[in-house]
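> Pasting in a structure now, in structure tokens, and then I'll have a few things to ask.
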Amino acid sequence: MITSKKKPILWLLSDTHLIADSLHDDGLAFQHMRNTSAGKDLDYQEIALTAFVRKVIQEKPTAVIITGDVTFNGAKISAERLADIFQPIVKNDIAFLVLPGNHDIFDGWARKFKGAQEYYMPQIGPAIWKEIFASSYQDALHEDPSSLAYSVNLNPQYRLILADSNIYDSQESRSHPITNGRISTLQLNWIERELIDAQKHQQQVLFFMHHNLYRHNKVIYQGYILDNAVELQALLQKYGVKIVFSGHMHAQNIIGPFANRPIAEVAGACFCMTTQEYGQVQLNETEMRYQAHSFEMKPWLTKAEQRKLPQQDFHQYLQQLFFNLGEQQLIQIRQALPDKEAEAVIKFADQLNWNFFIGKSDYSVEEKNEIINSIEYQLVAKYLPDFKRYLDSFLEVKQSSQQLLLKW
């Protein structure tokens with residue numbers, strides 16, 4: 001058991017995408033990588049995670065869980081650095097539970113950036129992963145021999161299953177990581193044995209993986225939803241699992257529980273993007289409460305560390321990175337519309353996109369009508385019908401993605 005307490009608290013991170021500071025010199029090669037990193041902060045994550053660890057130690061949750069993509073490009077040094085940063089929480093008797101994402105195991109993009117050149121760096125194999133994150137597996141009740149999945153007895157009432165939803169070979173790769181995910185038949189069999197055992201011990205199961213159980217958006221889903229999601233849904237439903245936590249899509253989004261989707265899923269936002277969101281799960285004998293939080297790291301930094309950050313507010317810096325994401329869409333908008341109208345539509349679309357990724361797209365009927373009747377939306381509908389479909393997907397969110405309450 002991680003704890004005997006009846007009211008454990010979990011803090012959840014996803015997609016930290018750390019690239020160790022020692023792997024770059026801010027030269028041309030790294031600048032190019034930064035410019036194509038899809039809105040991620042690559043420069044200040046060692047500082048941000050160090051600050052987060054200080055907050056963890058001060059507030060003492062029962063465990064911290066990272067649902068994959070702990071590294072930016074699968075370099076072994078980055079995983080080691082992240083483990084070093086989080087080592088103080090382990091020393092303070094706070095469990096540190098990590099599962100891999102699609103960028104972590106045998107990622108052929110593992111590189112060091114120096115000047116205008118990239119250099120090969122050692123990758124992370126399954127055995128090395130277990131060595132680096134030894135404290136996670138030391139807390140395991142059972143391990144799946146066919147993957148990096150494991151289970152943990154949180155307390156007498158709750159069992160955690162941390163699945164390995166990633167597709168990787170048995171040796172180092174020379175190509176890009178595989179975006180989509182799948183849980184193998186062998187691992188599914190192991191998961192079923194865990195579910196049977198948890199049921200035998202009258203434990204509620206909290207299920208964690210990197211890839212998504214559901215389509216969280218009609219447009220943004222390819223490569224995110226698990227390839228065999230329907231098979232896993234049926235298995236979890238068979239044994240009464242009520243909640244899944246995932247990441248991968250970099251957007252804060254909650255689905256369910258609904259009549260046709262009795263299992264709820266919380267997809268956590270990318271910690272190195274948007275507002276540095278993390279989740280808090282409060283458990284007791286009768287319910288689970290989830291709440292998303294935006295991390296403010298400044299109070300947890302030394303003055304010397306603060307001087308290393310951008311002069312602007314750090315969340316404004318992250319928002320600026322995010323708004324540089326859709327360059328191709330911006331080109332389409334500027335080609336379709338005069339300058340003044342194009343800038344208005346870009347600002348309008350940026351805000352809708354931002355709201356979805358931070359989990360605040362649960363618009364009221366009045367707000368939806370205001371969006372649909374706006375000049376900007378009408379311009380998109382008339383001149384950019386494909387882009388309208390993308391924006392419409394944000395208007396289909398049915399619930400808050402900031403909090404969730406489940407009664408057992």
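The values are calculated or read from the model by the stated rules, or taken from the named source; none is laboratory data. It should be emphasised that the depicted structure is a prediction, and the values quoted were computed from it without experimental measurement. All Cβ positions, even for glycine, are placed from backbone atoms using ideal geometry, and neighbour counts span all protein chains on display. Only protein heavy atoms, including side chains, enter the accessible area calculation; ligands, DNA and RNA are left aside. Shrake-Rupley method; radii C 1.70, N 1.55, O 1.52, S 1.80 Å.
> Given H placed 1.01 Å from N in the peptide plane, which residues other than close sequence neighbours of Ala75 have an amide H under 5 Å from its amide H?
Under 5 Å from the amide H of Ala75 lie the amide H atoms of Arg111, each far enough along the sequence or on another chain.
> Please find, in a Gaussian network model of the chain (springs between Cα atoms separated by less than 10 Å), the residue of Gln187, Gln311, Gln138 whose mean-square fluctuation is greatest.
Checking each option, the largest mean-square fluctuation is seen for Gln311.
> Okay, moving on. Where does the charge balance sit around Gln123 when Lys and Arg score +1, Asp and Glu -1, over other residues with C-beta under 13 Å from its C-beta? Don't skip to the answer; put the middle values down first.
Details: positive: Lys76, Arg111, Lys112, Arg174; negative: Glu80, Asp104, Asp107, Asp169, Glu172.
Counting the neighbours of Gln123, the net charge comes to -1.
> Report the net charge of residues surrounding Asp21, where surrounding means a beta-carbon distance below 14 angstrom and charges are Lys +1, Arg +1, Asp -1, Glu -1.
Summing Lys/Arg as +1 and Asp/Glu as -1 gives -3.
> Given the DSSP H assignment, sum -39500 (n - 2.57) over each helix run of at least 4 residues in the chain and divide by its residue total; what's the result at 222 nm in deg cm²/dmol, nearest 500?
-11000 deg cm²/dmol
> Let me ask something else about it. What is the magnitude of the charge dipole of the chain about its Cα centre, with +1 placed on the Cβ of each Lys and Arg, -1 on the Cβ of each Asp and Glu, and no other charges, expressed in debye to the nearest 20?
660
> Could you please state how large a percent of the accessible area of the range 132-224 is carbon and sulfur, counting protein chains only and using a 1.4 Å probe?
Answer for the range 132-224: carbon and sulfur cover 46 percent of the accessible area.
> Further question: Any idea how far apart Arg261 and Asp169 come out in nm if each label point goes 7 Å out from Cα toward Cβ?
Modelled inter-label distance: 3.5 nm.
> While we're here: Under a cut-off of 17 Å between alpha-carbon atoms, report the aspartates and glutamates in cross-link reach of Lys238, not counting same-chain residues fewer than 8 places apart.
Glu192, Glu194, Asp197, Glu265
> Among Gln312, Gln117, Gln282, which one moves the most in a GNM of the chain with springs linking Cα atoms closer than 10 Å?
Gln312
> Still on this structure, I have one more. In nm, to one decimal, how far is the modelled label at Val365 from the one at His315, with both set 7 Å along Cα→Cβ?
Reported label-point gap for Val365 and His315 is 3.1 nm.
> While we're on this one: List the relative contact order of the range 92-169 as a percent without decimals, with contacts defined as Cα pairs under 8 Å and 6+ residues apart.
RCO, the range 92-169: 31 percent.
> Any of Lys130/Lys308; Lys130/Lys407; Lys200/Lys242; Lys340/Lys388 with alpha carbons more than 24 Å apart? Name them for me.
Lys130/Lys308; Lys130/Lys407
> According to a simple spin-label model (label point 7 Å from Cα along Cα-to-Cβ), what is the distance in nm between Asn324 and Tyr239?
4.5
> With a 10 Å cut-off between alpha carbons and a GNM built on the chain, which of Ala127, Ala292, Ala381 moves the most?
Among Ala127, Ala292, Ala381, the largest mean-square fluctuation in the Gaussian network model of the chain belongs to Ala127.
> A follow-up question, please. What's the extension gain from Ser400 to Lys130 if we count 0.36 nm per residue and subtract their Cα-Cα distance?
So the chain would gain 93.6 nm between Ser400 and Lys130.
> Considering only protein heavy atoms, what per residue accessible area in square angstrom results for the chain with a 1.4 angstrom probe?
For the chain, the solvent-accessible area averages 45 Å² per residue.
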